[in-house]
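These notes concern the structure reproduced below.
No value in this document is a laboratory result; all are computed from the given coordinates. This is a predicted model, so every value here is computed, not measured. Glycine gets a Cβ as well: all are built from the backbone with ideal geometry, and neighbour counts include every protein chain shown.
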Amino acid sequence: MYLLEYCIKLEIKECIEKDILKEFLKQNGSEVINMLHIEFNLEDAKLVWKQEGFEDGF
């Protein structure tokens, strides 16, 4: 399991234990994990694209 996915699951578990969005996370936890994982990957990809574009222009 990737570190990011582990951290996301850990935080979801903690939120459920602290009754923060408990019912929502119980029903949609896997969707939340997928959304957050994709979002972080998208941000990483954007950074790489920006760096590659700079290198190409240079």
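Charges were assigned to the Cβ only: +1 to each Lys and Arg, -1 to each Asp and Glu. The resulting dipole of the chain about its Cα centre is roughly 260 debye. Averaging 1/r over each pair of different alpha-carbon atoms in the chain and inverting the result gives 13.1 Å, the Kirkwood hydrodynamic radius.
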